[in-house]
Structures are given as structure tokens and as C-alpha cells.
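Participant: Dumping the structure here so I can ask a few things about it.
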Amino acid sequence: MNKKIKNVFILSTAVLSFISFWRAGAIVLCDFGSSAYYAGGIAAKAYGPAFPYFILAVMILAGLLLMAYIESSSLFTRGGVYVVVRETMGKPMAKLSVSALVFDYLLTAPISAVSAGLYLAYLLEIILPYFKINWHINPRFVAVIFSLAVIFYFWKENIKGVKESSQNNIRIIWFVSFVGILLLILSFYTIQKKGFVWPEFKFSFSDESLGWAKYVDFLKPVGIIGIIMAMGHSILALSGLETLAQVYREIEDPKIKNLKKAVILIFIFGLIFTGVLTFLSSVIIPYDKIISDYSENLLSGLAMELSVPYYLKISMKTLVVVSALLMLVGAVNTAIVGANGILNRVAEDGILPDSVRKLHPKYGTTYKVITIVAILQSVIVVLSKGDVFLLGEAYAFGVLWSLSFNLLAIIFLRFKDYEHKREWKYPFNIKIRKYDVPIGLILVFLIIFSLSVINLFTKNIATILGISFSIILYLVFTYSEKKQSEDEDIHKIEEDVDEEKVNISTEKEISDMFKRFTKPEKILVPVRNPNNLSHLKSVLEKANDDQTDIVVLYVKVEKGYEYALNYDNLTNEEKELFREIILIAEKYGKTVHPVIIFSNDPVYIILYSAIAGRFNKIVMGVSPSVGAEAQLENIALEWGMIRPDNFNSKIDISIIWESRELSYKLE
């Protein structure tokens with residue numbers, strides 16, 4: 001056997017195992033839902049008592065935007081703003097849109113972590129005197145220190161991978177849901193005792209919130225202009241949606257069905273937790289008190305204004321703060337996940353140096369990208385000095401402009417790629433000749449675009465910082481892309497091939513490798529040609545991922561005594577093969593385990609692996625050189641020579657090609 005098996009390699013990458021819609025929804029919710037803790041207070045200071053109506057409106061708008069992500073994800077498994085815009089408007093516009101989006105992600109973590117730190121600081125101000133600790137806390141200093149610690153923690157978690165960190169998000173959402181239900185019950189009880197009075201629909205824009213608009217005569221904050229301005233100041237409640245596109249590739253089978261479930265979960269949670277709780281806060285707490293006491297910790301204020309005994313108020317405030325700490329720090333995790341995903345899409349396209357996608361030797365994650373993102377977020381925290389209002393003003397720029405680009409690109413795709421079969425379409429379409437004109441998408445785009453434009457005038461800091469950052473990052477992308485292109489020309493690397501980064505571990509014996517596969521069903525899928533993977537697709541369509549280990553085996557035929565020790569030593573065709581395997585696995589949302597074995601006898605290795613790993617089934621593609629029947633005869637002959645005397649089970653073998661199948665039992 002030693003003459004036939006020279007080495008065994010196992011490929012691993014973070015995208016070959018998949019998560020449930022619960023995990024995907026939890027990742028997004030820990031950003032999207034976290035705005036309940038700060039969006040209402042910031043909006044109240046910006047434009048007055050009408051803020052709860054607009055926070056609710058933004059939550060409804062979020063539902064419309066989430067539906068747009070279902071359509072774009074059905075077209076591009078590796079989607080998001082960058083891919084969608086690139087396919088419609090080209091790389092220059094895609095780089096610009098992703099620059100704005102990265103600005104959003106870099107601010108998501110600071111505003112969330114700082115808000116959590118402020119909630120903690122205000123709780124300590126109440127609790128410490130009970131323990132006779134006369135420590136005068138500077139809330140913003142506490143917020144900065146706390147934020148840096150949180151970013152460091154989630155940097156470490158994301159180095160371990162999405163699946164590891166998403167489990168924390170699920171626990172967070174369960175606890176926050178419990179606290180939210182308690183707040184709802186006690187709020188309705190309080191309203192029943194005090195009586196219900198609708199919040200005043202009144203604008204009171206400050207000079208700061210009007211920005212440059214106060215110098216423009218026709219931009220007066222009244223009528224429709226005032227409504228658009230108020231929506232623009234409330235849009236910071238809308239965050240985390242792009243992360244849905246980034247984690248879509250990680251969602252398990254059936255992907256679109258599970259994506260829809262995640263969208264429903266996200267929408268309902270956001271509407272109730274952010275929209276309804278903010279509205280109830282404005283009903284129970286007088287507006288003047290919100291501005292003076294609770295603008296930085298609105299839900300803590302709601303707890304303290306409930307019509308319950310003081311000890312229950314303190315208990316509820318403590319629960320709210322704990323939930324804020326968990327939820328808001330979860331948003332830090334989401335920001336890192338999202339930024340890592342979008343920058344990896346950019347790097348795959350040759351716009352960032354390939355070296356930034358180097359995988360962690362243990363966890364298989366792109367740790368360099370994660371580290372860069374965490375460092376930049378930490379710098380923003382320090383520069384902000386814990387001012388959540390300053391962060392809030394800058395935050396909306398990236399959200400709005402990335403959404404504008406994304407919606408416009410999806411609309412263009414309806415006309416550019418009208419023949420592409422979509423698993424789901426955004427509702428409200430009109431058929432005109434061969435096109436489905438997306439009236440619904442166009443209306444939503446006009447809303448988002450109008451908010452984007454008006455915010456340029458009302459948010460000075462956001463406009464200056466957002467445009468400056470986007471231009472700088474765009475120039476970095478452009479320079480890096482040019483440099484990458486020059487390097488490719490020098491080394492004559494094949495163009496337009498997105499190389500998937502993988503780790504390779506080595507096993508001395510095949511039997512050692514198969515010990516890690518413990519599911520009751522095991523299917524061995526030999527592969528050879530990247531253009532002949534219909535048999536792998538067939539397996540992924542039918543297999544139950546919870547019950548089946550799918551091992552994709554590539555036998556690399558030796559030449560002399562040389563064999564590859566790492567992925568870079570494989571040929572371009574072999575790299576393309578494994579790239580296609582990963583893309584197919586992502587599309588079907590099922591886990592596969594690629595394995596490379598170096599040998600001079602492929603048929604022997606396939607059968608020996610099936611025996612050693614106790615596989616139930618072998619599924620092969622047809623050999624173009626000999627045909628299916630001759631291929632099966634060769635396997636039967638080899639089986640007769642290597643079949644162990646003590647073999648007492650059966651292995652089903654199938655050869656699949658062009659919707660046809662030839663089967664045989666090895667006994």
C-alpha cells in the first residue's frame with residue numbers, strides 16, 4: 001500500500017460548514033436590534049417629540065429593504081453590495097459603494113459599544129452609593145474603556161470563525177427577548193394606570209441637526225422636507241442589513257427558504273423591540289425628561305419611569321443594562337463579521353492584496369482582515385471620546401449610500417439580466433414586453449435616495465468624514481488593484497479566477513483522516529474535472545446534511561517523487577476544481593470535506609478510502625475517456641483484487657452524467 005499512497009491532505013476553509021437561519025438571524029439582529037438602545041434618544045435630541053413615529057417608520061422601511069436582499073441573494077450566493085453593483089455598473093462604482101459600506105461597519109462597532117458603556121456607567125451611578133462607594137464616574141470615559149475591551153473580545157471570537165461566534169449571538173437574542181417582553185408587559189401596565197396620551201407630532205430641529213440646510217432657503221424643516229429630514233436623522237435605527245447578504249453564503253439548505261425565515265424573524269423582532277419599545281418610552285416618559293436625563297440610555301429611562309415599586313425599577317434597569325451590554329456588544333461582532341465578509345469579496349476580485357486573505361493556521365479565518373477592522377474600530381472609539389451623538393451623526397452616511405447603490409443595482413439587473421431565473425422577486429412588478437419592471441423596488445429606491453441626498457445637507461460631520469473616507473478607501477482599492485494586476489502580468493497568473501483560500505492539514509494514514517467523520521451516512525465523491533461536477537450537485541441535492549458526511553476526494557497522480565506540500569503548489573486547473581467545489585457547497589448550503597490523496601493508482605485509492613472510512617456510497621462522474629460501463633468494469637475488477645476477506649457490508653456505487661445514472665453494489 002505504501003507504494004500507492006504517498007500522502008493525504010485535508011482541505012479546510014471557513015465556508016464549507018453552514019449555519020441555521022436562527023444563527024444567521026441572530027448575527028443580523030445583534031446589530032439591527034441594538035439600535036433600540038440609542039436611536040430614539042439621538043433622534044429625540046435631533047428633531048423633537050415626533051421621534052417615535054419616525055423610528056417606527058424606519059422599522060417598517062427595514063422590512064421592505066430586507067425583501068430586496070432576498071432577491072439579490074437568490075442571484076448571487078456570494079452577494080452583497082459589492083457583487084451586485086459590480087455586475088450592473090462595473091468595478092469603479094462597486095468600489096465606491098463598498099467604500100461607503102466599510103465606513104458604516106467601522107462606525108457600527110463604536111456606536112454600539114459606546115452606547116453599551118454608557119448604559120453601564122449610568123447604572124453604576126445608582127448602584128455604587130448603596131455600597132458606600134463615592135466614585136464619581138465619567139460615563140464617557142467608562143464607555144471608551146468598555147468599548148475597547150469589547151472590540152478586543154470579539155476580535156478573538158471572530159478569529160475562531162462565524163459558527164463559533166454566532167452561538168453567542170443566539171444566547172444574546174434569547175435573553176434580550178425575555179427582557180423586552182418584561183418591558184412590554186410593565187409598560188402596558190403603566191399606561192393602564194397613568195392613561196395613554198399620543199406623543200406630540202412636533203418638530204424641534206436644533207441648529208446642529210439642520211447642518212448646512214439652515215443656510216439654504218428652500219430646505220426649511222417643514223412639510224415633506226421636514227419629514228425627510230426627520231427620517232434622515234432616524235435612519236441610524238436601520239443597520240446590519242448588509243450583514244444578511246454576507247452571511248447568506250453560510251446559511252444551510254434550503255438556502256432561500258431559510259433566508260426568508262431569517263428575514264421574518266429579523267423584521268418582527270426589530271419592529272417590536274426597537275419600534276414599539278421606543279414608542280412606549282415616548283408615551284411614558286415626558287419629552288423634556290428624555291432630553292435631560294435619558295437621551296443616552298432611553299430604555300433604562302423607560303425602566304425607571306414604570307409604575308412599579310422602586311426596587312422593581314432598579315431590578316428592571318439592571319436587566320435592561322445587562323441586555324444592552326449583551327445586545328450592543330453583539331453588534332460589535334456583527335460589524336466585524338460584515339466588514340470581514342465584504343472585504344473578502346473585494347480581495348477575491350483582485351482589488352486588495354491577496355496576502356490579506358491569508359488564513360489562520362488553526363481556524364481557517366481571514367485573520368488579517370479581521371485584525372485591520374478591529375484596529376480601525378478601536379481608533380474611532382478613542383477619537384470619539386465616548387460621544388454617542390457624534391458617532392450617531394456620522395453613522396448614517398454609509399448605511400444610506402450603500403443601500404442606494406444596492407437598490408439601484410438590483411433594479412438595473414431586472415433589465416440587464418432579465419432572462420436569469422430568480423427564486424424570488426420583489427413584489428409589485430409590471431410586465432412590459434420581456435421585462436418585469438420593478439415598481440416596488442423603484443419606489444423604495446426613491447425613498448432611500450432622497451434620504452441620502454438630504455442627509456448630505458443636514459449631517460455636516462457625516463458628509464465630511466464619509467466622503468473623505470470613501471474617497472481615500474476608493475483610492476486605496478484602485479492603487480491596490482493596479483498593483484495586483486501588474487504582479488499578475490509579471491507572474492503570468494491566469495486572470496479572472498477567484499482563488500479560494502484554504503488550509504491544508506496532513507495525515508499519515510487514510511484511516512486517521514476518516515476518524516473525524518462520525519455521521520451515520522457517509523458518501524465518497526471522487527472528482528477530477530471542474531467542468532464535470534454534476535454528480536456532486538446530485539449528492540448535495542439529495543443528502544441530509546445532519547445525517548451525512550460528504551467527502552470530496554481528489555486523487556492527484558504523482559510525477560516522480562514530487563508532491564505538493566501546500567495549496568499554492570497545485571495547478572490552476574486543480575485550484576479551479578476546488579473553487580468550484582466550494583461554490584457548489586455554498587449554493588446548496590451543505591457541508592463537504594475536500595481531501596487530496598497523492599497516488600499512482602486513482603481507482604485503488606477510491607476503493608481503499610471507501611473501505612477504510614466505512615462509506616455507504618461512492619458517487620462518481622463519468623470518465624470521458626472510457627465511458628460509464630467500462631469505468632464500472634474497471635472498478636469491479638479492482639474491487640475483486642483488494643476486497644478484504646472480512647468485508648461483510650455493502651457499498652453502493654453510482655456513476656452520474658447528463659441526468660443519467662449507472663449503479664452497482666460492491667459486496
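Participant: Kindly evaluate ILE126 against the criterion of being at pLDDT below 90, closer than 21 Å to LYS317 by Cβ, in a helix (DSSP H, G or I) and among the β-branched types (Val, Ile, Thr).
Facilitator: yes
Participant: Further question: Out of PHE517, PHE615, which single residue is surrounded by 15 or more Cβ atoms within 10 Å (Cβ to Cβ) and either modelled with pLDDT under 85 or farther than 22 Å from MET641 by Cβ (or both)?
Facilitator: None of the others qualify; the one that does is PHE517.
Participant: Of a type outside the set (Asp, Glu), in contact (Cβ under 8 Å) with a residue 24 or more places away in the chain and out of contact with any Asp or Glu (no Cβ under 6 Å at 6 or more places or on another chain), is that true of ILE375?
Facilitator: Numbers: of a type outside the set (Asp, Glu): yes; in contact (Cβ under 8 Å) with a residue 24 or more places away in the chain: no; out of contact with any Asp or Glu (no Cβ under 6 Å at 6 or more places or on another chain): yes.
Spelling it out, it is not the case that ILE375 is of a type outside the set (Asp, Glu), in contact (Cβ under 8 Å) with a residue 24 or more places away in the chain and out of contact with any Asp or Glu (no Cβ under 6 Å at 6 or more places or on another chain).
Participant: Can you run down the residue pairs with Cβ atoms below 6 Å, 6 or more apart or on separate chains, where the first is in the stretch 171-195 and in contact (Cβ under 8 Å) with a residue 60 or more places away in the chain and surrounded by fewer than 20 Cβ atoms within 10 Å (Cβ to Cβ) and the partner is part of a helix (DSSP H, G or I) and β-branched (Val, Ile, Thr)?
Facilitator: THR190/ILE284
Participant: Go through GLU633, GLU629 for me and flag whichever is loosely packed, with under 14 Cβ neighbours inside 10 Å, farther than 20 Å from VAL539 by Cβ and in contact (Cβ under 8 Å) with a residue 24 or more places away in the chain.
Facilitator: Only one candidate passes the filter, namely GLU629.
Yes/no matrix, rows are residues, columns are (1) surrounded by 24 or more Cβ atoms within 10 Å (Cβ to Cβ); (2) within 21 Å of LEU75 (Cβ to Cβ); (3) among the basic types (Lys, Arg):
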position	(1), (2), (3)
ILE224	no, no, no
ILE227	no, no, no
LEU236	yes, no, no
THR243	yes, yes, no
TYR248	yes, yes, no
LYS257	no, yes, yes
ALA262	yes, yes, no
LEU265	no, no, no
ILE268	no, no, no
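Participant: If you go through the stretch 447-456 one residue at a time, do you hit one that is assigned by TED's automatic domain parsing to the domain that holds TYR105 and assigned to a loop (DSSP other than H, G, I, E, B)?
Facilitator: Checked against the condition, which is being assigned by TED's automatic domain parsing to the domain that holds TYR105 and assigned to a loop (DSSP other than H, G, I, E, B), the stretch 447-456 yields no hits at all.
Participant: Within the stretch 369-387, is there a residue that is assigned by TED's automatic domain parsing to the domain that holds LYS95, under 22 Å from the mean Cα position of the chain (by Cα), part of a helix (DSSP H, G or I) and within 17 Å of LEU65 (Cβ to Cβ)?
Facilitator: no
Participant: Oh, and also: Going by the conditions given, is THR13 modelled with pLDDT under 90, surrounded by fewer than 24 Cβ atoms within 10 Å (Cβ to Cβ), in the same structural domain as VAL322 (by TED's automatic domain parsing) and within 23 Å of the chain's Cα centre (by Cα)? Steps first, please.
Facilitator: Numbers: modelled with pLDDT under 90: yes; surrounded by fewer than 24 Cβ atoms within 10 Å (Cβ to Cβ): yes; in the same structural domain as VAL322 (by TED's automatic domain parsing): no; within 23 Å of the chain's Cα centre (by Cα): yes.
No; evaluated as a whole, the condition is false for this residue.
Participant: LYS425: part of a loop (DSSP other than H, G, I, E, B) and either in contact (Cβ under 8 Å) with a residue 60 or more places away in the chain or more than 21 Å from LEU465 (Cβ to Cβ) (or both), yes or no?
Facilitator: Numbers: part of a loop (DSSP other than H, G, I, E, B): yes; either in contact (Cβ under 8 Å) with a residue 60 or more places away in the chain or more than 21 Å from LEU465 (Cβ to Cβ) (or both): yes.
Considered against the rule, which asks whether it is part of a loop (DSSP other than H, G, I, E, B) and either in contact (Cβ under 8 Å) with a residue 60 or more places away in the chain or more than 21 Å from LEU465 (Cβ to Cβ) (or both), LYS425 comes out as yes.
The values are calculated or read from the model by the stated rules, or taken from the named source; none is laboratory data. Note that the structure is predicted; figures quoted are calculated from it, not measured. Note that we place each Cβ from the backbone using ideal geometry, even for glycine, and neighbour counts take in every protein chain shown.
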